Amino acid sequence: MFERKSKKAAQITLNSFIIFLFAIGLYPLFMAVWCAFKTPDQYRLYKWFPTFPLRGENVSLAFDKIEGYMTRTAFVAVAATVLMLFVTTMAAFSISKLKFKGSKILFALILALNMVPGVLTLVPTVMLYHTLGLNDTLWALILPPAFSTGTTFLLICSFRGLPDSTFEAAQIDGANDFQKYLLIGLPLAVPIIATIAIMQVSGTWGDFAWPMLIMTRANYTIAAGLKTEFYDTTVSMPVSFAAYLMASLPLIVLFFFTGKVYNEGVVASGLKL
Amino acid sequence: MTKFLRYVKRHWIAYLMVLPFTAGVLLFAVYPPLYSIVLSFFDVYKINDELTGFNGFGNFAELFRDTTFLNSFRAMFTLQLPRLVVNVFVPFFYAEIIFHVGSKKLQSAYRFLLLLPIVCPSIVTSLIWQNIYAYDDGILNEILKGLGIISENVNFLGRDHIIGSLIFMNFPWLAGTSGLIVLSGLINIPAEVLEAADLDGCGVFRRIFVVDMSYLIGQIKYVLVFGIINILQDYSNQLLFAERVGTKIHVPAYYMYQLVNTNQSIGKAAAIGVFLFAVIMVITAATYRLLNAKDEENV
């Protein structure tokens, strides 16, 4: 009885401690939300806590400025994710389950390329896009994820976990290699595919270094746009926060609907390490 | 030859399926690092310049006379090493405390909250932390004054304190994806092992360091190796934070980005990339060796 009580006390202490840490850690998020609805005076005097009345005007002021960036980014994020999933899942399935001559070499190449850091490739990649005439076109943002060796490596690991017997049975039933991929491989890999898709969408959404390097200002995606339109300027702070909030809204919605899938996908891939 | 044709005929779909990826990888992933090495030996100035003017190790020699570059290495170690310690230690910390939560409902809520900061754009985090550190009405100054730790406002964003401020940015560093990866390893430890440790009178801390760590070697390797690779080439804080508050700290990768972005000394930028690559490789290899040695001891 005494032991159970002390265990309960320990749990309460632990939980309060965790909630305390989370409260501090998530505070910037909440602050961004209430700062988006303040007047300049409210912001100057009381930015650390919410105040009323809320100023909805900020949102419409900000939206006019970011609308163009938002639609462009949404298009790029969807296009990049679809192309990336198409190219990488096909390759990963082929390498892990179809076992043709050369698949081992390809796998070794993927492993080796995984170790090559971005710093080594940045300069020539920029030059390459210039040479191909793809700089300042949306291709420069859509193409790179499709050839990500990291993503392909993750997919290969999870396809490998699927039992070979399923695919042998399909072959006996007359399925060709592509049908094995499309009808059996893909449906079984949905959790990891969803995780990768979420990572890609939020990656495209948040990246500003690459777009700023390869695009001109008129073609920036949202993060680069926010940086040049708000972050680096003297636009009123509450309006800036309103812009950040709206720009994050699609991600927040995506996360609330798919957070669980993402969570499970990360756990599943973590177990394979 | 006919044998070869028959093989291809039987496997053509498989080859077709890897074709787009392989072609793209050869062009966008294999060619750039190789060309980077070539480029680092040439005196190329602008992005669209022809590859002329072989320079030998000239670019590298120039780098080691360049005080901005040399200082950037010192900044890299004073700033990024503590951040690496944070990035490696903190995921374990969160994984362990969440693992010890008894209620499954609360546990899954915490796992969700751990990921929540992902939706917050780095621009927003950076902006809010600039407010927290601000000299005039920053909340950190107010709190520290309230607690009587300091008597006058401290300029946390000035040259003297900026490195410390960058290290403590995002405190308490909610661990996101790496925290979940470590947690997944912990959940996977067989219940019997934990029970046995408990019966043998193994305390919580001893269990964490002896039992958990040996089961988590895969996750440790992942977090550590990727942490090192990422942090040595990270310059997001420079782009976002330091530029805005006006206290510049060069790290090598940032210096390289600046050279490319302002379209000057491309050959030199490539040389920085190659040199940094070598540094990363050496450190990663050393880490692997160390971890593998540890691994064998445990077996």
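The values are calculated or read from the model by the stated rules, or taken from the named source; none is laboratory data. These figures come from a predicted structure and were not determined experimentally. So basically every Cβ, Gly included, is an ideal-geometry build from the backbone, and we count neighbours across all protein chains shown.
Below is a table of values for the structure above.
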{"item": "Candidate set from the range B:1-15 (those that are hydrophobic (A, V, I, L, M, F, W, C) and more than 8 Å from chain A (Cβ to nearest Cβ)); member that is surrounded by the fewest Cβ atoms within 10 Å (Cβ to Cβ)", "result": "B:MET1"}
{"item": "The range A:137-152 - residue that is under 17 Å from A:ALA209 (Cα atoms) and part of a helix (DSSP H, G or I) and, of those, nearest to the other protein chains (Cβ to nearest Cβ)", "result": "A:PRO144"}
{"item": "Helices (runs of 4 or more DSSP H) contained in the range B:41-153 and holding at least 3 residues touching a Pro at 6+ places or on another chain (Cβ under 8 Å) and of a type in the set (Val, Ile, Thr)", "result": "B:122-133"}
{"item": "Sole residue being away from chain B (no Cβ under 12 Å), modelled with pLDDT under 85 and either assigned to a helix (DSSP H, G or I) or closer than 30 Å to A:PRO211 by Cα (or both), chosen from A:LEU54, A:LEU45, A:LEU29, A:LEU61", "result": "A:LEU61"}
{"item": "Pair list, Cβ < 8 Å and 6+ apart or interchain, from the range A:45-57 residues that are closer than 21 Å to A:ILE24 by Cα to residues that are modelled with pLDDT under 80", "result": "none"}
{"item": "Residue, modelled with the highest pLDDT, within the range B:255-267, restricted to residues that are surrounded by fewer than 16 Cβ atoms within 10 Å (Cβ to Cβ) and farther than 19 Å from B:ASN237 by Cβ", "result": "B:THR262"}
{"item": "Looking only at the range B:16-50, and only at residues there that are free of Cβ contacts under 8 Å to residues at least 24 places away in the same chain and more than 32 Å from the chain's Cα centre (by Cα), the one that is surrounded by the most Cβ atoms within 10 Å (Cβ to Cβ)", "result": "B:MET17"}
{"item": "Unique match (being farther than 30 Å from B:GLN264 by Cα, among the hydrophobic types (A, V, I, L, M, F, W, C) and more than 11 Å from every other protein chain (Cβ to nearest Cβ)) among B:LEU70, B:LEU106, B:LEU84", "result": "B:LEU84"}
{"item": "Count of the range B:231-252 residues which are in a helix (DSSP H, G or I) and in contact (Cβ under 8 Å) with a residue 60 or more places away in the chain", "result": "10"}
{"item": "Residues of the range A:221-265 classified as part of a loop (DSSP other than H, G, I, E, B) and of a type in the set (Lys, Arg), total", "result": "0"}
{"item": "Subset tally (residues that are more than 8 Å from chain B (Cβ to nearest Cβ), of a type outside the set (D, E, K, R) and out of contact with any Ser or Thr (no Cβ under 7 Å at 6 or more places or on another chain)) for the range A:89-101", "result": "2"}
{"item": "Failed condition for B:ILE143, given (1) surrounded by 16 or more Cβ atoms within 10 Å (Cβ to Cβ); (2) at pLDDT 85 or above", "result": "(1)"}
{"item": "Positions within the range B:222-235 being at the interface with chain A (Cβ under 7 Å from one of its Cβ atoms) and either hydroxyl-bearing (Ser, Thr, Tyr) or under 16 Å from B:THR177 (Cα atoms) (or both), in sequence order", "result": "B:TYR222"}
{"item": "Test: residue in the range B:110-133 that is over 30 Å from A:PHE255 (Cα atoms) and either more than 8 Å from chain A (Cβ to nearest Cβ) or buried (at least 18 other Cβ atoms within 10 Å of the Cβ) (or both)", "result": "no"}
{"item": "Looking only at the range A:206-242, and only at residues there that are within 18 Å of the chain's Cα centre (by Cα) and of a type in the set (A, V, I, L, M), the one that is surrounded by the fewest Cβ atoms within 10 Å (Cβ to Cβ)", "result": "A:ALA209"}
{"item": "Yes/no for A:ALA268 being touching a residue at least 60 places away in the same chain (Cβ under 8 Å), hydrophobic (A, V, I, L, M, F, W, C) and either at the interface with chain B (Cβ under 8 Å from one of its Cβ atoms) or assigned to a helix (DSSP H, G or I) (or both)", "result": "yes"}
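Residue-wise test of (1) surrounded by 14 or more Cβ atoms within 10 Å (Cβ to Cβ); (2) within 12 Å of chain A (Cβ to nearest Cβ); (3) of a type in the set (A, V, I, L, M, F, W, C); (4) out of contact with any Asp or Glu (no Cβ under 9 Å at 6 or more places or on another chain).
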residue: B:ARG244; (1), (2), (3), (4): yes, yes, no, no
residue: B:ALA269; (1), (2), (3), (4): yes, yes, yes, yes
residue: B:GLY273; (1), (2), (3), (4): yes, yes, no, yes
residue: B:ALA278; (1), (2), (3), (4): no, yes, yes, yes
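So that you can scan it fast, the table gives a plain yes or no per residue for (1) in a helix (DSSP H, G or I); (2) among the basic types (Lys, Arg); (3) within 8 Å of another protein chain (Cβ to nearest Cβ); (4) over 21 Å from the mean Cα position of the chain (by Cα):
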residue: A:ALA80; (1), (2), (3), (4): yes, no, no, no
residue: A:PHE107; (1), (2), (3), (4): yes, no, no, yes
residue: A:ALA112; (1), (2), (3), (4): yes, no, no, yes
residue: A:VAL126; (1), (2), (3), (4): yes, no, yes, yes
